[in-house]
Every structure is written in structure tokens, then in C-alpha cells.
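Novice: Dropping a structure here in C-alpha cells format, bear with me for questions.
Please treat every number below as a calculation from the coordinates, not as lab data. Predicted, not measured: the structure shown is a model, and the values here were computed from it. Neighbour counts are summed over all protein chains in view; Cβ atoms, including those assigned to glycine, are modelled from backbone coordinates with ideal geometry.
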Amino acid sequence: MTYCSPALRTLLGWDPEETLGRSVFDFVHRDDADMVRAAFQRLLEMRKTNEPVELRFRHRDGQWRTFEALGTNCIDNPHIRGVVLNSRDVTDRKLIQQRIQHLAYHDNLTGLPNRGLLQDRLGHSIARAERSGRKVAVLFIDLDNFKNINDTLGHDVGDELLRQVSRRLTECVRAGDTIARQGGDEFIVLLDSLEDGRGASVVAQKILGSLRSAFALGGTEQHVSGSVGIAVYPEDGRDAQTLMKNADTAMFHGKGIGKNTYQYFTSQMNIAVKRRMTLESALRRAVLQKDFVLHYQPQVDLETGEILAVEALVRWRTEDSGMVMPGDFIPLAEETGLINEIGEWVLREGCRQMKEWLDRGLKPRRIAINLSARQFADKAFLDTVMRVLQDTGLDARLLELEITESQVMRQTEGMILLLNRLSEMGVHLAIDDFGTGYSGLGYLKRLPIQKLKIDQSFIRDITVDPNDTAIVVAIINMAHSLELDTIAEGVETAGQLALLRAKGCRIGQGFFFSAPMSAEGVYPLLKQDNLYARAGARSPAS
């Protein structure tokens, strides 16, 4: 170097005098040296170049700065006799470009590759596998309980869960494999260069095992599980799009037959997916056309036979299949987000029907309506309840909302506020499926609950299984001490009824008293009021 401008001091911390007589390569990063030599050679041959060269110069403090240099051959100029480099520091611009590049190909929340980068890597993996004869596997992972946690504990907690999951997944694969976030609670794992497809099941088992330990979230421990679908190149697809689609199909199939498991793709699964898509389209049409009907099942005072309330149970009325039961379409409605519209219709129709019965002279009773987790987490739900009660003219004290125990266990400030506001309005609150939860029961003292519904799984064998009897008795005694009502679901025999009465359970519901019936069918029972007094009825002692 024969000359450096004073700007060198500002840009690289060196005084120009310190550099005179030294080789430029004393300051160039060694990884860039060959590229710079080639650029000098081209400059000597072409006399001038208009293409800038990007290289790294060493700052006096030891850091490397990125420069963009444009060279001019001035060897024949008697005043210079050398090559002139005009350079500018582009380090900050380079960092911004790298950040933009990272954002374009990585998920902002977890830092994992996104779908675009995954597809690019999968394409390269397939090309290598085609040359080498090895296998490539795509694992599609969906978290089974994420929506409940996200809806009830909030999006910040949901985001933290996704970050923790991404770290656990990273520990389950090799350094050369790729984990990507597909979006929401879905992740994809690309396993490169496998000897055979069976290696994918080993990774799938490690992934499922890594998810079993509790996640520390918001001061609580939460549990999630995963469903994994596996597609293998070339058996299940010869291009990236087909492999990803078939892995997704396998995951969905596995989720349907039992969560917390993995499934390899089979061609038969596509038939099931098409059937599901048909069902989803039909359900969307049903929501638009209000193709639903409510059936009603009495809730009975076990001592007197008096009908204290009725539970509204939704049915989907189809032209070709008749009545579709809730268990066959409510899970799909939950997945697709249609449950809010269906739930609002059930709430409105149940309140309207109860008001109609009151106007026809029936005595006041409560109408019990189930809530889904999505409805319960909807910020507009309180306004919906208030609007429905106002539109139908039903007294809030005649509405009872049933919430599952798992929903109530996830106590957030918003949920507690919602329950208290409903209670202040006069709405009754019941815990449905009680006894199936997995946490302490302290929430019963803190929340405005009036009733516990003992899950029918305990009632079914209450007369033959001492364990079920003990559980039911414990629930009844605990409810009495907390001044809560208990209602037994699924009462089907006189023996069950007699035992429940003897143990102090006050209310029952089930086929022993009445199957769920249409509004017209249940009206005579409600008018009669006492099921023990009806003609031909079985008495509690029979």
C-alpha cells in the first residue's frame, strides 16, 4: 500500500502512515483473500472493472468490517502507478440484509426455518436421495392440547409453549436434519439421508416422549401431547409438496384414532380425508342454514320426582343421514371454529324454547346448556349471553351454563371475571363431567359454582364397582360441605337411583327418567311435572 486517505482512521482505526509499505492482505480476512487476488488479476487484465468486490477488512480493535470496493487500474498513470481502491463500509447494511434474509426464511416466534426454507431443503434432500438411493422422511407434528391452553391462558403463554416445544424438538434430531414451524401449533421435521423409512419411527417416538414432561407456563404446569404423521420418499411421494401433504394426512388420521401417537401414511388415508372434507363442507352448509334441532332431557329431584330443569342437547338434522349426534360433529366444529356459531344458536334456541314454555303456562325451570372451550374463551361471550337473554326475554336466573372441569381448572383472570359477571347476572353455573379432571379442587371455593355434575362414567358401575361407589360418595360429601348441588348423569337403573338417593345425591338425569326428546315430546312431561306420578312409571324403589 502506497497511499491511504485520512478516512482510514475513521473507518478502520488505523493511521494512514501505519499502513504504508504493508501488504493489503495483512488487513483482508483470510477467507476472502483468494477472491480478492482473483479480483486484482481481472483488474490487471481488463484495466478497469465496474463490479464492486465485497470483502472484510480488519479494524484496529480486532473486529472485521465488511467493505464494498471498486478498483481502477492506474499502473500506467505516472502519478499513481498502482491500483486504486475506492471502498465504503457496508457492515450495517450487510447485517440488515442478513436479518431480512433470516426473517424471510425463518419463523419469527421460534427462530426455526419456515415453510419456504423447508420446501427448499426438502427439494435438495430429494435430489440427493434420488442419486444415492437413500430415503427422506417428513414428519408432520400437531400439538393435541394447544388450542385449549392458548384460548384459556392467553396468547403470550401459548407463544412461550411453542418456543419450549421447538427447543425440545431440536434435541430429538441430528444436526443435519431440519425442524420447521408450519404455523399455529404445527411443526415439520425433515429427516435427510435415511437408510430406510423405519428410522423415522425412532425419531417420532423420541418426539412424543419429549412432549410428555410438563411445561412450566405462567407459573403453572401444563401438559400437551402430539400427533405425528410420517411420509417417506419415494414410496409416499416423489416431490416436496406431495410428501408434506401425505404426512399431514397421516397426522390427521392418527389424531382421529387416538392422540399421542404416530402414523405412517397409507393410500387409504386419502379416502378418509376426502370423507372428512365432505363432512366439513356439509357442516358449514348446516351452520348457514341452521340445520340443527334441540332435544331436551329432564333433570329430576331424586326424592320427589319433580322436574327441576332440562338440559338442551343439540342434534344435526341431515336429509340423507337423519339425526347426527353431537359426538360425531362437535369435535369437527371445534377444529374448524364453527362451534361459536353453533353454540350461539343452541343458547338462543334453548332460551327461546324455555320462554315459550313459560308463556304456555309451565312453571319456571332452568334450561341447562353446555359450553365449549372456544365459546368460553371468546371475549364476546358475555355480550352474547346478555343479548340472547334480552332478545328472548328469558330471566337470567333460569339459565344454567355447564362448563367442563378441564376448562375451569385453567383459571385466568379473564375466566374468573367472566364467571363472576355471569353469576352477578343471576346465571347458574355447573361443572360438567366432574371427577375427570387432574388438578386440585381449590377452585371450587373461589369460583361462583352452584352445581357439580358427576360424570356418567362413575355412575355406570356404581352398583358393582366399589371404587366408583367410593368416588361418587366422596364427590357428594364434598359438594354438601361446600353447599353445592350434585347431579348424577347417566342414571339408567333403579339400583343406581336407589344407591344415589341413599348417599345423598339430590338430582339425577338419564334414561331411567327419560331419553332426550324433542320440544313437543318433552312438553307433556314438563306439564305433568312429576315423573314418579306418571302412569306406568317405575317408582324409585322398584
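Novice: For ARG506, what charge total do you get from the other residues with a beta carbon under 10 Å from its beta carbon, if Lys and Arg give +1 and Asp and Glu give -1?
Specialist: Net local charge, ARG506 excluded: -1.
Novice: If you average the sequence gap of Cα pairs under 8 Å that are 6 or more apart and divide by the length of region 1-134, what percent do you get for the contact order?
Specialist: Values: 147 pairs, mean separation 19.0, N = 134.
Reported relative contact order: 14 percent.
Novice: Please give the Cα centre distance for region 103-156 versus region 372-408, rounded to the nearest Å.
Specialist: After rounding, the separation between the Cα centres reads 38 Å.
Novice: While we're on this one: Based only on other Cβ atoms within 10 Å, what is the fewest-to-most ordering of ASP151, ASP159? All intermediate terms of the calculation are to be shown ahead of the outcome.
Specialist: Values: ASP151 21, ASP159 13.
With the fewest neighbours first, ASP151, ASP159 line up as ASP159, ASP151.
Novice: Among DSSP beta bridges whose residues both lie in the chain, state the antiparallel percentage, nearest 5.
Specialist: Values: 56 of 82 bridges.
Approximately 70 percent, going by the DSSP bridge assignments.
Novice: How about LYS135: which lysines have a C-alpha closer than 20 Å to its C-alpha, ignoring those fewer than 8 places off in the same chain?
Specialist: LYS206, LYS245
Novice: Let me ask another. VAL388: net charge of surrounding residues, Cβ under 12 Å, Lys/Arg +1, Asp/Glu -1, itself excluded?
Specialist: Details: positive: ARG348, ARG352, LYS355, ARG387; negative: GLU344, GLU349, ASP383, ASP391.
In short, 0.
Novice: Still on this model: Using the count of nearby Cβ atoms within 10 Å as a rough guide to exposure, how do PHE140, PHE27 rank from fewest to most? Display every interim value, and only then the final one.
Specialist: Numbers: PHE140 28, PHE27 19.
By the 10 Å Cβ count, ascending: PHE27, PHE140.
Novice: Fewest Cβ neighbours within 10 Å first, please rank LEU211, LEU95 accordingly. Present the calculation step by step, with values, prior to reporting the outcome.
Specialist: Details: LEU211 23, LEU95 11.
Exposure proxy ranking, most exposed first: LEU95, LEU211.
Novice: Counting only other residues whose beta carbon sits under 11 Å from that of THR2, what net charge do I get with K and R as +1, D and E as -1? Numbers along the way, then the final one.
Specialist: On the way: positive: ARG22, ARG81; negative: none.
So the surrounding residues net to +2.
Novice: Relative contact order of the chain: what whole-number percent is it, with Cα pairs under 8 angstrom and at least 6 residues apart? Write out the running numbers ahead of the final one.
Specialist: Details: 867 pairs, mean separation 49.1, N = 542.
RCO, the chain: 9 percent.
Novice: What label, among (1) 28.9; (2) 24.3; (3) 25.3, belongs to Kirkwood radius over Cα pairs in Å computed from the structure on display?
Specialist: Identified label for the calculated read-out: (1).
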